[in-house]
């Protein structure tokens, strides 16, 4: 299976440097609203990274549901949004089982793995997010655990 | 202006007037942000010589310049007001995400004055600013308040007070994200204004001057921090990592209300003992890659279910060693009570240690203490007293005034057991064996404080920044040392950077970061000059509020009683040493011997008017 970012909520300290790094890298600004990775915090106990599994733990619902086919499995590991083609219908946001597609200026936005060198992972010395290959089971367990902890459906 | 939200938000809770004004380019250039803005605004906006609980006393919240810009450890925000504990500078810095959120909403400072007729909370959502009813929230503890506001307002960041702030406990703090502005009683000022919380939601972009350079610098700083030799121990054991060392190697861990410098019963409060047993994971402040916090969880026994972000070094001292309490679970429980009630753990622990000392010396009785047996090490009594202080019940009502006022109220010779400087209870460094730190306690504009210099780091290890071979037991050369450390360290509060990363940036490390964030160029000298200005402005404020040379005095326990055992056995700070160090310091500052900045110095700093 292709490499993807795997969350380790039991290690995440909740500092949110990953969110800042992500928006800085992709948008040249700092804004958690424009980050493709989000930390869900609940009380003192939970800090949960939420990030796209790149189809490794889902059925690529976003790709399926997009009415204009602007979400594509591109060369390399990532599923990417072609922003110019997006109509802002939010069908993918509703369809994503991990709730890791967001809207930005009426265009869908998701993790593109920074062309194979994700900046959020570089910013996290705790190794609470790792860019990992894997055969499925262990990574899938972590994605599903994060989803359950964050309270996603 | 790159690097800034751009506006100052003024809120008068009495008249409900809300106004904004732009941050001028001069202010940005000369004060940068954070404590720089906050101290300038406090000086300009406060009505001189009013009580801290007077509605006119401004409560100012100002994010450090780097808040929100992904600078490692750069998430610190300052609350600044006239302190109800000391009557002096009440500035306290916390690591909470509300600072960055405020910048995203477009503000670099909030100035809150007046008193609301009824309990309220301030809601800031970008341009919308509203005072909302907090009748239902009044009386609630911190976690419940945060939960209720979030369920009402959605994704907001919340800074709030607990019952201690409402009850005007003079060392009540403000909480955000399980971190606290603890010292100096800003939480009580919030309470006096009937202000339960500040909730902020900001959605705007922060646009750095040079995004590519900023990204590169921040990746490098993260790498430098995480590859440093101390990283593993610092993050595994937190700020208390050196607790055993400061006891066994230095003998300067103030114990049982400063009777001793070594805590014999420290085994369990040493993080090397408790971290492996109780820490479930590391916890960091917003924007920090070097997590000192621990998710401390007690799973069974009488405190089962306890979960806190702790226990910090100072709290291991104040609720632990100072009270002679070596039972780490009860220290954690005390930490939880302080956080939930919204009280500074340092002052709370110190004032209980003071009461225990009075009890053992027969000055207060079991009856005075509401039936509690207040011997050192009595953890049940300690926890009961914490609740009583927060609720101002019985003896707790007296202790809620802080050590200085409590001693005045109790009388009967209790003053000789009262450990404070300028009305502020001390942190966990027995300065009888750390002479430079004794001077730092004296010179700080908020009283006994370790964080206005971080001199303990230099004095205990002998080296830091440009200094080396410093002798902690000597009073020579301390005037210039403390002056220079104050001017460096205040810049961490201006920029919003944590002092746990003090060994990385210094002044020179900030140059490129400021440039990438704002586009402005500063030399190292200019950065330190801003630090000197802010410190002089703080001094002008406390002088205006009535502080005099007479207030520069160490407690009798420090000047009159030597440390009885351990590596610092026999040491104390004599009155002569104290006055010599102070004289050297005033000279180094360019102040006269009454601690008043000379006209020449003020002209040099552009603070003449």
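Computed from the coordinates by the stated procedures, all read-outs in this text should not be read as laboratory data. Small disclaimer: the values here were computed from a predicted structure and weren't measured. Methodologically, a virtual Cβ is constructed for each residue, glycine included, from the backbone with ideal geometry; neighbour enumeration extends over all protein chains shown.
Shielding of peptide B:291-300 by partners, expressed as the average count of other chain Cβ atoms within 10 Å per residue Cβ, is 2.
Projected label points at residue B:550 and residue A:127, each 7 Å from Cα along the beta carbon direction, are separated by 6.2 nanometres.
Going by C-beta contacts inside 10 Å, put B:466, B:281 in order with the fewest on the left.
B:466, B:281
In the protein assembly as shown the Cα-Cα distances spread across 10 Å bins starting at 0 as 3, 15, 25, 27, 18, 8, 3, 1, 0 percent of all pairs. Report the Cα centroid-to-centroid distance between the stretch B:94-170 and the stretch B:485-537 in angstrom, as an integer. Answer, in whole Å: 29.
Using 0.36 nm per residue of separation minus the Cα-Cα distance, give me the extension gain between residue B:300 and residue B:607 in nm, one decimal. Numbers along the way, then the final one.
Values: separation 307, 0.36 × 307 = 110.52 nm, distance 5.81 nm.
Stretched fully, the residue B:300-residue B:607 segment lengthens by 104.7 nm.
Each part reduced to its alpha carbon centroid, the stretch B:280-340 and the stretch A:1-78 end up 32 Å apart.
Which FRET efficiency value, to the nearest 0.05, do you get for residue A:117 and residue A:87 by plugging their Cβ-Cβ distance into 1/(1 + (r/R0)^6) with R0 = 22 Å? Before the final figure, lay out the partial values.
Values: r = 30 Å, r/R0 = 1.37.
That gives a FRET efficiency of 0.15.
Judged by the mean number of other Cβ atoms found within 10 Å, the most tightly packed of the peptides A:12-25, B:520-533 leads the ranking A:12-25, B:520-533. Calculated FRET efficiency, residue B:408 to residue B:511, Cβ-Cβ distance, R0 = 60 Å: about 0.80 to the nearest 0.05.
Shielding value for B:218-228 is 2, the average number of Cβ atoms from other chains within 10 Å of each residue's Cβ.
Note on the stretch B:244-417: Cα Rg divided by 2.2 N^0.38 Å, N the number of residues, gives 1.03. Between residue A:60 and residue B:476, the modelled labels are 7.6 nm apart [label points 7 Å from Cα along Cα→Cβ].
Directionally averaged projected area (the stretch B:7-201, Cα convex hull): 9.6 nm².
What FRET efficiency do you get for residue B:115 and residue B:45 if R0 is 25 Å and r is their Cβ-Cβ distance, rounded to the nearest 0.05? After rounding to 0.05, the efficiency reads 0.95. For the stretch B:365-433 versus the stretch A:92-133, the spacing of their alpha-carbon centroids is 52 Å.
Site pair residue B:16 and residue A:148 shows an inter-label distance of 4.9 nm when each label is modelled 7 Å from Cα along Cα→Cβ. Just want to confirm a number: the relative contact order over the stretch B:7-201, from Cα pairs under 8 angstrom separated by 6+ residues, in percent. This gives 23 percent for the stretch B:7-201. For chain B, the pair-distance distribution built from all alpha carbon pairs, in bins 20 Å wide starting at 0, is 22, 59, 19, 0 percent. With one equal scatterer per alpha carbon and no solvent term, the Debye-computed log10 I(q)/I(0) for the stretch A:4-150 at 0.13, 0.17, 0.21 1/Å reads -0.53, -0.93, -1.44.
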